[in-house]
1. Which residues, taken from the range 340-364, are outside any loop (DSSP other than H, G, I, E, B) and open to solvent by 60 Å² or more (accessible area, probe 1.4 Å)?
2. Of everything in the range 424-445, what is out of contact with any helix residue (DSSP H, G or I) (no Cβ under 7 Å at 6 or more places or on another chain) and closer than 23 Å to residue 388 by Cα? Give them in sequence order.
3. Select, from 507, 494, 511, 532, the only residue that is open to solvent by 10 Å² or more (accessible area, probe 1.4 Å), of a type in the set (S, T, N, Q) and under 23 Å from the mean Cα position of the chain (by Cα).
4. Can you pull out the residues in the range 324-339 that are in a helix (DSSP H, G or I) and not charged (D, E, K, R)?
5. Run residue 468 past the list (1) within 28 Å of residue 503 (Cβ to Cβ); (2) touching a residue at least 40 places away in the same chain (Cβ under 8 Å) and report the number of the one that doesn't hold.
6. Just checking, does the range 574-594 include any residue being surrounded by fewer than 24 Cβ atoms within 10 Å (Cβ to Cβ), of a type outside the set (Asp, Glu), under 23 Å from residue 515 (Cα atoms) and at pLDDT 80 or above?
7. Name the pairs whose Cβ atoms lie under 6 Å apart, with the first residue in the range 319-335 and without any contact (Cβ under 8 Å) to a residue 24 or more places away in the chain and closer than 15 Å to residue 474 by Cα, the second in a strand (DSSP E or B) and of a type in the set (Lys, Arg), and 6 or more positions between them or separate chains?
8. Only one of (1) over 49 Å from the mean Cα position of the chain (by Cα); (2) more than 26 Å from residue 669 (Cβ to Cβ) is not met by residue 735, so which one is it?
Amino acid sequence: MNTAEAIKRLKKEGLNELPQKEGRSSWMILLEVIREPMFLLLLTCGGIYLLLGEPSEAAILLGFVLVVIGITLYQENKTERALEALRDLSSPRALVVRDGNRLRIPGRDVVRGDLLIIAEGDRVAADAVLIEGSNIIADESLLTGESVPVRKTCWDGIESHFRPGGDDLPFLFSGTLVVAGQGMARVIRTGSKTELGKIGDALSRIETQPTYLQKETGRVVRSLVLVGGILCGLTILVFGWSQHDWLKGLLAGITLAMAILPEEFPVVLTIFLALGAYRLSRINVLTRRNATIETLGSATILCTDKTGTLTQNQMHIAALVASGHALTGDALKQAIPESHHSLIEYAILASQKDPFDPMEKELHALGVRAAEEHLHAGWRLVKEYPLSKKLLAMSCVWASIDGTERVVAAKGAPEAILDLCHLDQQSLSERYADIDTLAKQGMRVLGVAQAKTTMLPIIQHDFDFEFVGLLGFIDPIRPEVPEAIAECREAGIQVMMITGDYPSTAQQIAQTIGLNKGEVLTGSELEAMTDQELSLRIKEVSICARVIPEQKLRIVNALKVSGEVVAMTGDGVNDAPALKASNIGVAMGLRGTDVARESADLVLLDDSFSSIVGGVRMGRRIFDNLRKAMAYILAIHVPIAGLSLLPILLHAMTGQTWPMILMPVHIVFLELIIDPACSVVFEMEPEESGVMKRKPRSPEERLFSTEMVVIGLLQGLSVLLAVFFVYAYALKLNHSEDDVRALAFTTLIFSNIGLILINRSWSDSWFRSLRVKNTAFWWVIPLAFAMMMSVLYVPFLRDIFHFSPFHWQDLAVSLGASTLSILWFEIYKAIKRIKSAGKAKKMRYRSEASSYSQATQVRQAI
């Protein structure tokens, strides 16, 4: 390749990088955010406050809108970086041959036909075919998820299986890492045509969908805005027509609109998710999309990669077999006996002097710790015999410092080492039994041999090798994984392992971590299935083995089609499309690639699998508390709207004067209690007991469920009846208008505090709830009492609120009426507790009866 031809191809075929997707501008994102019904409602409410001459309230609300928009813009801009991170990864620097000279160029300038010079530690700049090489081993876990590096062989001009993964293939792939050897490869694909580019293309085509909660809240808000607008217009018409006072009619209509429009819904949703993100960060879970938090609690299946997620992605020595004796487990942590020192010595001599390969690094570390006297730092490497397709073993010939001794050390596939040693049948049987024992434990097994020599033959078979022993390597399980898997099972969450490893290895890992027994689906089986067949089969599968990135994406989509709420964990580039397509993408923060982190919804800062379970628990708590807050908002708006509307309707129906109870100033005062109560008090409520012992929330279950709406409406109606009873009774006793208003408003305040108290838990009594720690509750309630007393007994404030002097006996009437209004819900909770206890008792009785029956049958059989 000459420079002129390279420039021509670069212009024709483009840079060796992923094409940049045309991103959304900040103005486009801003327009999308503002068009959301929640933000439109906030802006509308801010405008109403301005119309009412309440600039401070308007400024606070509109300021909050600006903060939320700023946070949303920041988060949306971060999601646009996924392809940029992938593009950076795909463009390392490269050493190429042009015009007969070696030239170091940026990876993006590599073109098809270039000759790449590769060596240990290099990241491959483009997809290429190996034409010359010695002992080249590549780490392709970036694309395949397999923890073990693969051997590469020179192209024979025939091989065409152009897929990452598998030994003795001649193809190198963009973004992968050369961990051993050196050679020369010819570039055959660049940019978006590479395997890495295909992942980027899949990633760019996946559209992020709004969550169930966002859709549902949007529908509810739009409905309430429509209802509020219609009632506001009717109120203005009725009031103006019946009392011939259109100005007061307008004021009454705006008051009713303020009473009905639930500006707390979007505020509460935003605050709950923002504070939820903060709480998740305290358990080492970073939230990239706040809206995902509510989905956490409804996750039904967790698809997890094996390497680096369930395992540590570090090949550790798990067994040393020499002299007919195996060292495993704790024995490896103690002093290694002399009988095994030769195994360590020759395994190190068969490795690179300054290793890059993780397994060779592990060997060197063991040698320094356990057999340092057998290390030969001054010896000289005379010749190296690399791995080949015909013989999966490598040998190194070393000369001693004085040159009087030459030794040969070999390591490789155990069958290849045994072939070199020419053992008798009995010895072979014994060695193969040892190999089988280690392999069944999920280990990768290497054999080691040694020889003395004075000659340097052409092939390794000409050495007179003596078998030394076996090495067993294993990728250790993360210690927290089994407990986390058990907790997922208890919470009704299925765990599915998706890996590029072999089925036997995956099954061994699954058995170790306690993964539910289920079918094993291989990549080849998956390839032969239609999407419909896969969506039916996938329900019975717990392990997917030997899969490639495109298949991971198919698995996630099939699970979503079958009605599952999918959480997907991953750390490599190969996981990015599946992470983005899943309902909840969870990336590893420490070991994960930038692409995985930018594509995910959540990032584990400590890479701890148990943090996922903590996130699910937090998600369930957040949703429970969000539902309580929404029910409270619905409940308190019923009496506010009713008290704004009833005097107008009663006047129109009876012709009598019914004084207005609520004015804009009263509603603003109520909001000062409602806002912190629904957004802070309920958010700080601890999780309900047994939150991780119940099944995941159904994806079809709505936040505004029938039960929640009915309970909220009944609570609101009971408060409305209590306040209206006090209002009507005071009018019957010929109290003044200001006196009636003060009495009714105080009853409403007491009832409001009661609603907060009873909704803190939908299972425990209010008395028990008082013993549950909630700092915000003990700040908001005393503050509400203090504010109420101020407007009742401070003359200046009392005049603003149009109240008359308040008597202590009036306080007792208000407190009694408000208590009666919420008493029914405490009775309802008590009945539920009794029924729940009865069911639990019946289940225990059935279990005991079944055990007794089984024992009786056993005794009779005996």
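The values are calculated or read from the model by the stated rules, or taken from the named source; none is laboratory data. Nothing here was measured: the structure is a model prediction, and the numbers come from that model. Note that each Cβ is placed from the backbone with ideal geometry, even for glycine, and that neighbours are counted across all protein chains shown. All accessible areas refer to the heavy atoms of the entire protein, side chains included, with ligands and DNA or RNA removed. Shrake-Rupley method; radii C 1.70, N 1.55, O 1.52, S 1.80 Å.
1. Here is the first cut: in the range 340-364, the ones outside any loop (DSSP other than H, G, I, E, B) are 340-349, 358-364.
Residues satisfying the conditions are 358, 361.
2. 432, 439, 443, 444
3. Values: 507 fails: under 23 Å from the mean Cα position of the chain (by Cα); 511 fails: under 23 Å from the mean Cα position of the chain (by Cα); 532 fails: under 23 Å from the mean Cα position of the chain (by Cα).
Matching residue, one of 507, 494, 511, 532: 494.
4. First, pick out the residues of the range 324-339 that are in a helix (DSSP H, G or I): 329-333, 338-339.
Result: 329, 331, 332, 339.
5. (1)
6. Looking for residues that are surrounded by fewer than 24 Cβ atoms within 10 Å (Cβ to Cβ), of a type outside the set (Asp, Glu), under 23 Å from residue 515 (Cα atoms) and at pLDDT 80 or above, one finds none in the range 574-594, hence no.
7. Listed by first residue and then by second, the contacts come to nothing, as the list is empty.
8. Against the list (1) over 49 Å from the mean Cα position of the chain (by Cα); (2) more than 26 Å from residue 669 (Cβ to Cβ), residue 735 comes up short only on (2).
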